[in-house]
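A.B. asks: Input: one structure, supplied below.
What follows is calculated from the coordinates using simple rules that are stated; it is not laboratory data. These numbers were taken from a predicted model, which means no experiment stands behind them.
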Amino acid sequence: MNTSTYLSESQVFESADEPVNVSHSGECLDGECLDGETVATSERQQGSNNYKIMVVDDVPLNVKLASAHLSAAGYKNIVSETDSTKALARLYQEQPDLLLLDIMMPHVSGLDILAAIRCDKQFSHLPVLILTAATDREMKIQALELGATDFLTKPLDAQDLLPRVHNALLVKSHQDDLELRVRQRTQELQHAQEEVVICLARAAEYRDNETGRHVIRVSRYVGIIARELGLARNTVALMEQAATLHDMGKVGIPDAILLKPGKLTEEEFSVMKKHCVFGADICSGLINYSGQGDSSQSVAAQAAVSTQRPQGCTSPLLKMAGSIAVTHHEKWDGSGYPNGLKGEQIPLEGRITAVADVFDALSSRRPYKEPFPLDKCVSILEEGRSQHFDPQIVDVFLNCLDEVVVIRDQYADE
Ligand SMILES: [Fe+2]
């Protein structure tokens, strides 16, 4: 490569005080044309020119030299820090795409900074070019072990610097593209999953047209309670989505019972109760939901059992949906069904859905009743504290009544 491509050290210091005058095409605007190879190099770097490069070095002259070489090559977004104690804070503030890092600095060494940034997931792919003396072998090994990308020998030479910067940014660009694609795909899959769940829930509703928008309201109430209990955001979203399927098992109940307008006989009611187990079987295929095992096990423990069955679902959503389906009619005092679980034997998701489901039944119109006024719904829930319901969950739900009423009205049955 023609060395005239790069600035001499004296040119660098002249130009470093002012922005280097380089156009987008790589041609010098001051009339001094670059040779073909220089233009090709600049064009090659077009895509990288908007990347932010950060230089951390306690010697201002070194920073000037690096910045000038980079500017001359067309890089427009260069930031620097000469105080090593401020370098990490600047790094978080600037979010660069590439870091040029000096090692020998007072107070905080480059190795300390490198170690700190590699501990943070957001900088795990940040390319770091180490500025060092050529002879420092032991330090180089240490830097490599800490995740250095490459080394640059001081005093900085453009021929040494620019290809390394270009390559590091190229890798960074591919990683960014890959991460973006993975994020987009994940969002698409999540969206598809949400749609499938809603379709399944609608299928169950078609058979039991009394419920209308019941499943949506219940899932929203579940989301509110889970959030107010302080559960992690992912868990809240999972629980809310899974609750949509809480009555999925009703597809397995004969029409004569499911659609019977009058009161069910004892025998019919015992068939109706099976919708819990049917729902669990449909959603997660877990072996012990028929009451043969201990349904108080965590979803994870039950999933471990399910792996022994080839048809057992492994998705967290369907496992959660299965757990809700089989436990949303259990009662805090042990008088519920299908397994008569008591207190905290009932998984949290089942206890939450029980409150949401009953509130919705009370506050909605049914063929046999008008919607109960809010104060009557509240007093029935309060009466059920520690009998039907987990008392803490009733309290949390009633604390959010304003939000609940908005959902009730927004998704009211037509
Ligand atoms: Fe149910």
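A.B. asks: Which of the three applies to the stretch 60-135, rounded, prolate or oblate, going by the alpha-carbon gyration tensor with a ≥ b ≥ c and a/c under 1.5 meaning rounded? Intermediate results must be reported in sequence, preceding the final value.
C.D. replies: On the way: a/c = 1.61, a/b = 1.21, b/c = 1.33.
Oblate shape, in that a/c is at least 1.5 and b/c is the bigger or equal ratio.
A.B. asks: Something else about it: Check residue 334: other-chain or 5+ apart residues with amide H under 5 Å from its amide H, H built from backbone geometry?
C.D. replies: Excluding prolines and chain starts, which carry no amide H, the hits are 343.
A.B. asks: Straight-line reach from residue 154: which lysines have Cα under 27 Å away, leaving out those fewer than 8 places along the same chain?
C.D. replies: Cα-Cα hits under 27 Å: 52, 64, 76, 86, 140, 172.
A.B. asks: What list of ³J(HN,Hα) couplings, whole Hz, do you get for the stretch 117-122 from phi and the Karplus terms 6.51, -1.76, 1.60, once you set θ to phi - 60° and write x for glycine and proline?
C.D. replies: 6, 6, 7, 9, 4, 5
A.B. asks: Pulled fully out, how much extra length does the chain show between residue 116 and residue 374, if you take 0.36 nm times their separation in residues and subtract their Cα-Cα distance? The partial results should precede the final answer.
C.D. replies: Details: separation 258, 0.36 × 258 = 92.88 nm, distance 5.49 nm.
Taking residue 116 through residue 374 to full extension adds about 87.4 nm, to one decimal.
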